[in-house]
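Please read the structure below before turning to the comments.
The values are calculated or read from the model by the stated rules, or taken from the named source; none is laboratory data. As the structure is a prediction and not an experimental result, all values here were calculated from the model. Methodologically, a virtual Cβ is constructed for each residue, glycine included, from the backbone with ideal geometry; neighbour enumeration extends over all protein chains shown. Surface areas here come from the heavy atoms of the whole protein model, side chains and all, with no ligands, DNA or RNA. Shrake-Rupley method; radii C 1.70, N 1.55, O 1.52, S 1.80 Å.
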Amino acid sequence: MSPTPAADMPAQILAGLRVLDLSHGIPGPMAALQLSEAGADVVKVTIPGEARDEDAPDILAAVLDRFKQRIVLDGAADGIDDTLDRLLAEADVLIHDLPPAVARRRGLDDARLFARYPRLIVSAVTGWPATHAKAEAPARETLVLAALGILDEQPGHRPGPVFVRMPFASWTAGWLAAIAVVARLIARTRDGHGGAAHTSLAQAALVPMTMHWSRAETPSPAFAKGLSKDIPIPLHQASDGRWIHVHYSPDKAPWMADALAAMGPDAVRRENARFAPSHVAPNYGANKAIIAGRPAADWVAHFWAHDVAAQIAAPFGEIYADPQAAANGFVATVEDPVLGATLQPGVPFTVAPASRIRHSTAGLETDADAILRRWTPRAAVAVPAATAPRAPLDGLKVLDLGAYLAGPFATMLLADLGADVIKVEPPTGDAMRRLERQFAGIQRGKRGLAMMLGRPETGAATAALARWADVVHHNIRRPAARKLGVDYDTLKAEHADIVYCHVSSYGPLGERADWPGFDQLFQAACGWEVENGGAGNPPLWLRFGIVDFYGGLASVFATLLARVEHGRSGAGQAVAASLLGGAMLTMAEAIIPANGGLTPIAHLDHAQMGVLRHHRLYATGTDWIAVAALADRERAAFDVVVGADAGAWLAGRDADAALSQLAEAGVPAERVARAQHDAFLDSADHAAAGLHADYPHREYGHVRQIGGFWDFDDLPLHLGLASPALGEHTAETLAMVGIDAAARAALSAQGLIHQA
């Protein structure tokens with residue numbers, strides 16, 4: 001797919017939006033990229049002398065800053081100079097990554113910005129929330145993960161915490177920032193003023209921990225148990241040495257069924273007994289032995305032919321050649337001014353008018369006067385008097401038909417942002433309810449309706465719910481959605497201007513459009529399992545399910561864009577996101593230039609300690625520490641402190657003494673926190689920063705879970721409603737849409753609804 005010329009194309013959804021991007025790294029530039037490709041006019045602003053903090057910034061910048069014009073500000077870094085002042089006066093959005101003290105020094109703190117530019121939307125993407133005790137700490141993902149204890153949550157190929165190679169928190173923070181900006185834009189249209197739309201690496205890192213870190217007053221045994229980090233993961237090595245990730249049991253696939261039968265029950269039991277039990281594959285050990293007998297490509301082709309979800313754990317970048325990625329525009333040909341024609345990640349979702357790559361101007365400079373000639377002054381708009389604060393999406397009505405993770409997590413975010421969300425699930429419950437802690441972690445803020453879809457008797461209720469909703473969101477496979485009568489065409493007939501969002505596995509186009517898929521398969525296909533395994537080791541799945549979250553986050557952004565378009569044109573539409581699209585964006589660390597070779601990336605070492613001497617984990621004499629010396633001055637300081645053999649120097653010292661000496665030299669480092677489930681939930685610092693949420697649950701009593709993912713300052717989040725018990729709001733929600741008590745009683749008698 002090549003970038004589309006702007007001529008003869010409809011005005012994009014964010015056309016006319018003016019954005020200043022003062023950020024670097026992944027999160028801020030990635031958020032600005034999503035705004036740019038939705039039509040915003042994004043200007044990259046750099047200040048001379050700023051340190052480059054990334055291990056490999058050039059390729060990331062080529063992707064994340066494509067189509068952004070770049071200006072360099074002259075003068076001192078402190079305060080707002082005249083040039084920046086003129087730009088801010090005409091801008092709609094400012095994205096930066098300055099910790100609070102630096103923002104104040106530069107005159108870019110919220111108080112001064114909003115006093116001078118009351119319609120400006122400001123998204124600060126920092127390491128920690130501004131109200132956290134660590135608010136001034138550098139925004140280094142490895143250090144944030146270490147401090148939170150998340151490096152200890154990932155099992156590795158050796159005991160102890162491991163370095164997480166995939167920068168999942170950075171990509172998640174980018175999505176959170178992009179969502180926050182558009183949510184604030186929707187609120188600005190309503191309220192007449194701008195304001196904060198902040199997030200942080202810490203909040204982003206906690207997104208996948210919603211499934212794991214929570215506590216209940218009266219938990220069930222399943223809730224209390226949670227999901228062990230030591231369960232066997234169905235990654236199997238084939239005869240050609242390649243590894244396959246298989247999701248759920250492959251036992252019914254003919255080759256596997258025949259081989260299990262030939263092996264015999266006793267041999268199957270012996271093979272299974274070699275491994276801990278798997279909750280997804282009852283014959284895990286036997287599956288492993290059988291898969292070792294054929295090449296990986298043969299197995300995957302066979303599994304695909306028999307509806308078994310599987311992917312080869314591919315090398316990083318191989319996904320660029322996948323026809324499914326090409327069919328959906330998740331891979332795009334971009335003319336880079338330095339590298340020429342390149343293959344890069346494309347737009348990861350579908351919306352109309354389409355987000356698109358127009359052309360790349362990475363590295364091309366302009367000047368502020370040229371920008372201001374384009375950004376003609378707007379008529380002054382009076383800022384209305386303050387009213388009672390309302391959540392950004394207050395009044396939005398959302399019908400959640402999804403299950404498992406990507407769909408329900410997305411609608412939970414909409415609920416956090418203030419939407420009224422009704423979750424519909426079968427009378428027997430969402431399939432994920434068996435994992436009670438995981439289910440509760442991605443379902444808060446919703447009213448729960450237990451009703452069988454796809455039956456003539458419930459058709460009137462389904463139609464009434466569609467008429468009630470502004471947004472329908474789900475991740476049901478499309479053939480099943482049609483069978484259940486909740487496909488777009490059917491629901492559009494009930495509500496012509498509805499926004500309908502579907503999250504698929506492989507994208508809405510191509511031969512795999514309706515295939516099953518799960519997070520693990522896309523970590524495998526995109527090379528992250530290989531990279532997280534470390535050099536020479538078997539692949540390793542990140543247990544955080546992060547690609548499911550990427551799919552959900554992309555779907556929220558697409559849904560909000562569609563709502564902006566609805567506000568402009570009154571039209572509804574179907575939008576789409578996918579796990580593959582969300583995962584493909586993270587390929588931006590490497591692209592394929594015209595010569596056909598993948599650009600290099602930093603690889604995790606065999607010991608799973610890190611990628612560089614200056615960016616890794618170290619074992620001291622008393623504890624583990626993480627070092628992230630990513631700027632030149634920090635690397636030099638680290639070398640002076642530790643000498644030639646950093647491992648030996650640190651191994652001979654107490655962790656506190658080593659951290660103190662490194663801090664004195666200006667080297668960013670952090671103790672690797674261990675066993676943090678209870679410690680996180682008990683932390684006063686985390687509570688003060690809004691990283692906890694507390695509410696009563698119908699079955700579990702008082703529940704404490706991970707808190708808000710944004711800070712909108714004057715606009716509240718809605719974090720007061722726990723996940724619904726099965727059928728908890730069935731009567732309430734059906735009555736609201738006009739299904740009377742007699743009709744409800746009849747549906748209940750037939751087992752078509754469940755009322756708690």
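A few points about this structure:
- The stretch 109-176, relative contact order [Cα under 8 Å, separation at least 6], %: 18 percent
- D_trans [Stokes-Einstein, Kirkwood Rh over alpha-carbon pairs] for the stretch 393-543, 20 °C, 1.002 mPa s, µm² s⁻¹: 128 µm²/s
- For residue 280 and residue 749, the FRET efficiency from 1/(1 + (r/R0)^6), where r spans their Cβ atoms and R0 equals 41 Å, is about 0.70.
- In this simple spin-label model, placing a label point 7 Å from the Cα along the Cα-to-Cβ direction at both residue 85 and residue 365 gives a separation of 2.4 nm.
- The length gained by stretching the chain between residue 635 and residue 649 to full extension, at 0.36 nm per residue less their Cα-Cα distance, is 3.5 nm.
- Accessible area of the chain belonging to carbon and sulfur atoms, whole % at 1.4 Å probe: 56 percent
- Charge dipole of the chain (Cα centre as origin; +1 on each Lys and Arg Cβ, -1 on each Asp and Glu Cβ, all else neutral): 1320 debye, rounded to the nearest 20.
- A 1.4 Å probe run over the chain, with the rest of the protein chains in place, finds 36 Å² accessible per residue.
- Dipole orientation for the chain: of the candidates 137, 534, 421, 421 has the Cα lying most toward the positive pole (charges on Cβ; Lys, Arg +1; Asp, Glu -1).
- Label separation (residue 490 vs residue 478): 1.5 nm, computed from points 7 Å beyond Cα along the C-beta direction.
- Over the chain, relative contact order from alpha-carbon pairs under 8 Å, at least 6 apart, %: 18 percent
- Computed on the chain, the Cα convex hull volume stands at 166 Å³ per residue.
- Pairs beyond 24 Å (Cα-Cα), from 423/483; 68/397; 229/423; 252/288; 397/492: 68/397; 229/423
- What the Cβ-Cβ distance of residue 112 and residue 497 gives, at R0 = 41 Å and to the nearest 0.05, is a FRET efficiency of 0.50.
- Relative contact order of the stretch 89-221, pairs being alpha-carbon contacts under 8 Å that are 6 or more residues apart, as %: 30 percent
- In Hz, Karplus ³J(HN,Hα) per residue of the stretch 607-615 (6.51, -1.76, 1.60; θ = phi - 60°; x = Gly, Pro): 7, 6, 9, x, 10, 8, 4, 8, 9
- Bridge orientation summary for the chain: considering DSSP beta bridges with both residues in this region, about 45 percent are antiparallel.
- For residue 190 and residue 318, the FRET efficiency from 1/(1 + (r/R0)^6), where r spans their Cβ atoms and R0 equals 35 Å, is about 0.15.
- The length gained by stretching the chain between residue 261 and residue 665 to full extension, at 0.36 nm per residue less their Cα-Cα distance, is 139.0 nm.
- Counting 0.36 nm for each residue step from residue 301 to residue 431 and taking away their Cα separation leaves a gain of 44.1 nm.
- Pairwise label distance in nanometres, residue 9 with residue 74, each label 7 Å out on the Cα-Cβ vector: 3.5 nm
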